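The values are calculated or read from the model by the stated rules, or taken from the named source; none is laboratory data. Keep in mind that this is a model prediction, so the values were computed, not measured. Don't worry about glycine lacking a Cβ; one is built from the backbone with ideal geometry, like all the others, and counts go over all protein chains shown. With ligands, DNA and RNA removed, areas are computed over all heavy atoms of the protein, side chains included. Shrake-Rupley method; radii C 1.70, N 1.55, O 1.52, S 1.80 Å.
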Amino acid sequence: MIDRPSPRTAEHPMAFRWSEFRRGALAALISFNVLFLPVATIVGTISTGNPSGILVVFFYVALLHLVYVLAISAAATVIGGCAAYGLGVLLRGVSSVRRHVFAFAGLGLLVGGIVILIVGSWPKAENDIYGTLLDQITTPIVALPLLALCAFSVAYGWHWTASRALEADGVEPVSTPEGQLPD
């Protein structure tokens, strides 16, 4: 790998390379997909009102994940990634990690909300189990945990890659005592 000087300067302390941006987007995509299965299984089990049916819900959520969610989340990452890159450019002069985390969490909420509205407006097949599951995506019991997952994943992707990039520059790591957000 070519050792290039850091893009971060006193004027732009949070400027990131394209490769760092891609790494953050990939971290967001992976974290969303890793957490989707347990979150959706718990939400699905609660919404059915039958805790003993958790294995059946897990099976259907796993199939839903393989058939729809992986592709949808990849597309949302590519499309939302453009907005994330623009947001990163706008915030490159802001040194507050907290502001970046909240800004990227807000972007995750926005992109997640748009995806939920689009998926919720798809025509449903009455005899298709996925149509039944996707039909509930706009209900608060399903949408709110998914929105939280989107916000967390995008903020985590930014934080994960920013921590590594700043650490590689020899800047103090972007970590704080448990339960506190850095400034």
Over the heavy atoms of S31, what accessible area does a 1.4 Å probe trace out, to the nearest 10 Å²? 10
Cα-centre dipole for the range 1-77 with unit charges at Cβ (Lys and Arg positive, Asp and Glu negative), debye to 20: 140
Taking the simple approach of a point 7 Å from Cα along Cα-to-Cβ for both I42 and R164, what is their distance in nm? 2.6
Under 13 Å, Cβ to Cβ, from G24 - net charge with Lys/Arg +1 and Asp/Glu -1: +3
Could you check which residue among L55, L149, L110 shows the biggest mean-square fluctuation in a GNM of the chain with a 10 Å Cα cutoff? L55
Most mobile listed residue (G108, G24, G170) in the chain, GNM with C-alpha springs under 10 Å: G170
Listed candidates [x] -0.66, -1.10, -1.30, -1.38; [y] -0.84, -1.12, -1.17, -1.20; [z] -0.62, -0.95, -1.12, -1.20 - label of the one calculated as log10 I(q)/I(0) by the Debye sum over Cα atoms at q = 0.12, 0.16, 0.18, 0.19 Å⁻¹: [z]
So what is the relative contact order for the chain, in percent, with contacts set as C-alpha pairs under 8 Å and at least six apart? 34
Using 0.36 nm times the number of residues separating Q136 and L55, minus their current alpha carbon distance, what extension gain do you get? 27.2 nm
Estimated FRET transfer efficiency (S96, L117; beta-carbon r; R0 41 Å; 0.05): 0.85
Tabulate in residue order the Karplus-calculated ³J(HN,Hα) for the range 96-111, using 6.51 cos²θ - 1.76 cosθ + 1.60 with θ = phi - 60°, rounded to whole Hz; enter x for Gly and Pro. 6, 4, 4, 5, 5, 4, 5, 5, 6, 5, x, 5, x, 4, 5, 5
